[in-house]
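Read the structure below first, then the notes.
Laboratory data are not the source of any read-out in this text; all were calculated from the coordinates shown. What you are looking at is a predicted structure, and each value in this text was computed from that prediction instead of being measured. Neighbour counts run over all protein chains shown; Cβ positions are idealised from the backbone, glycine included.
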Amino acid sequence: MARPVRYLLYVAVFVGLSGILLYDLTWHPARRESVAVSCNAMDAKPPVLAADQTLKVMTWNIQYLAGKRYVFWYDLPDGSGPDERPTPEDLAYNLDEVARVIRDEQPDVLLLQEVDDGAKNTDYGNQLALLQARVADLYPCSTEAFYWKSDFVLDRHIFGSVGRKLATLSRYQLDSAERLHLPSSSGNFISRLFQPQPALLISYLPLSDGRRLAVTNTHLSGVASGGDVQQRQVATVRQLQQSFEQNGTLWITGGDFNLLPLGQYQRLAVEQRAPYSAVSELQGLWESFPMIPSNDDVNGEGRRKWYTRFPNDPTLSGPDRTQDFVFYSPELKKIEARVRQADTLLISDHMPVIARFRVPAKTE
């Protein structure tokens, strides 16, 4: 065999083997797929949600139980944060703290973001399983979906596996759930394989009158993703909500949207504005559906009590922005809403948003 042909063959074999290895190390979720629902009641079958009763919902980005004693490399605009991972002691302490807040609030439906499973930097633990062991008596039903998963990420701050989930826990029966892939950030094909792949985790609660309530949990791409990815993700969320409206399905959507409400960009310190747009991509949602916290909440005299984010930035002394929201069907009646700040500031860089609704009776 001629030498040039032999070299070309070697290159082809190398490229082929590299492609196989790359595919094996990365995750390839379907655009839309069913995910498992677990309902394990201790004493009896979980109750079915009924019309004309109240439903308490809480959404919380628990920051993979890291706590607030760190400035991670990604927390600063130039990537110079000194910390790469939390200690095992902090992971254990914040697990107890998250469980404490959940047991104190006892929401009927709990939406969690940044729940690690199999990640090197959090000791490969299944954080959802650890949390469920502490609240099993409250939440017989649950479902989960990864939105970042890889056996190996070459980034020097990770240099190992990642695994991050959305998780939804419910006191009421869940009859099904699905994962809907969101538009991904721009960039070359190979780098995208190792990046988070945001998703919607949609859980369906049957109602006693035959209807269903769709509860959607999400974590949109970070503000540094670039391009129009957040705009495309918001459009996908809005289309899903509109489809629920057209089908007569009651719905609630909550999570970490990584976007600001009306007017907050202008109130941020100038050095904190850079990742955001002056006109929020979230506008398409708040113009269509009710939002918690509302734009009136975050622009009123008591706006500080609606802040949900306390970045791990040493120049900041407290929460200064709102990035976590609950949107809901206009048919649901909001009874009350709040952000739990006082005793959660050191648990995560996000605070939980809590809302109570009344489920309307079926109309003929």
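Within a straight-line Cα-Cα reach of under 18 Å, Lys362 can be paired with the following lysines, leaving aside sequence neighbours fewer than 8 residues apart in one chain: Lys333, Lys334. For the chain, the orientation-averaged shadow of the C-alpha convex hull comes to 21.3 nm² (one quarter of the hull surface). Each Cα pair under 8 Å and six or more residues apart adds its separation to the average, and for the range 121-252 the resulting relative contact order is 20 percent. For the range 29-186, relative contact order (Cα pairs under 8 Å, six or more residues apart, normalised by length) works out to 33 percent.
If R₀ is 22 angstrom, what is the calculated FRET efficiency for the pair His157 and Asp90, using the beta carbon separation as r and rounding to 0.05? Don't jump to the answer; show the numbers that get you there.
Working: r = 17 Å, r/R0 = 0.78.
The computed FRET efficiency comes out at 0.80.
Give me the aspartates and glutamates in straight-line cross-link reach of Lys56: C-alpha distance below 16 Å, same-chain residues under 8 apart excluded. Reachable aspartates and glutamates: Asp104, Glu105, Asp108, Glu331, Glu336. Taking every full run of DSSP H in the chain, the ones that stretch at least 15 Å from end to end by Cα along their long axis and average 0.0 or higher on the Kyte-Doolittle scale are 3-25.
Rounded to the nearest 5, the antiparallel percentage of DSSP beta bridges internal to the chain is 80%.
Sorted largest first, the principal axis extents computed over the alpha-carbon atoms of the range 224-364 equal 56, 36, 26 Å. Note that the range 96-156 shows a convex hull volume over its alpha carbon atoms of 100 Å³ per residue.
Can you pull a Stokes-Einstein diffusion coefficient for the range 198-247 at 4 °C (1.567 mPa s), Rh from Kirkwood over Cα pairs, as a whole number of µm²/s? It comes out at roughly 104 µm²/s. With contacts taken as Cα pairs under 8 Å at a separation of at least 6 residues, the chain carries a relative contact order of 20 percent.
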